[in-house]
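Colleague: Structure below; questions to follow.
The values are calculated or read from the model by the stated rules, or taken from the named source; none is laboratory data. Since this is a predicted model, take the numbers as computed values, not measurements. Using ideal geometry, Cβ is built from the backbone for each residue, glycine included, and neighbour counts are taken over all protein chains shown.
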């Protein structure tokens, strides 16, 4: 293998040229416990930040990896993202329903006061 930038011979296990720093090949994604935990936490929190950081979510990269262990990590992250999204949408629906019934009962109470009815 030869570096495309400085044209020096390189060892096949190098990801970057030690001479000029040019990227020779893409390093594999980390499968450490810490990186998995961070990916899973981000997947769980992502719906709660309204998908503003979807471009920062690495689950897609993990699912597209040729390594089966890395792919499984990506699929687990996707499942967490979907479950968290369902919970987020359900809770938002509950909150909206409670707010509407609170407003409706408030309006009904103010109508009875205007009509001279007491509680």
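Colleague: Answer yes if at least one residue in segment 53-68 is surrounded by fewer than 11 Cβ atoms within 10 Å (Cβ to Cβ) and at pLDDT 90 or above, and no otherwise.
Modeller: yes
Colleague: Taking interchain pairs and intrachain pairs at least six residues apart, which have beta carbon atoms under 7 angstrom, with the first residue in segment 87-110 and in contact (Cβ under 8 Å) with a residue 12 or more places away in the chain and the second surrounded by 10 or more Cβ atoms within 10 Å (Cβ to Cβ)?
Modeller: As it stands, the answer is 88/47; 88/48, since those pairs meet every condition given.
Colleague: Here is a follow-up. Going by what's in this entry, would residue 41 be described as part of a helix (DSSP H, G or I), within 14 Å of the chain's Cα centre (by Cα), modelled with pLDDT under 90 and loosely packed, with under 14 Cβ neighbours inside 10 Å?
Modeller: Yes, satisfied.
Colleague: Which of the residues that make up segment 22-38 are surrounded by 11 or more Cβ atoms within 10 Å (Cβ to Cβ) and outside any helix (DSSP H, G or I)?
Modeller: Correct list: 22, 23, 24, 25, 28, 29, 30, 31.
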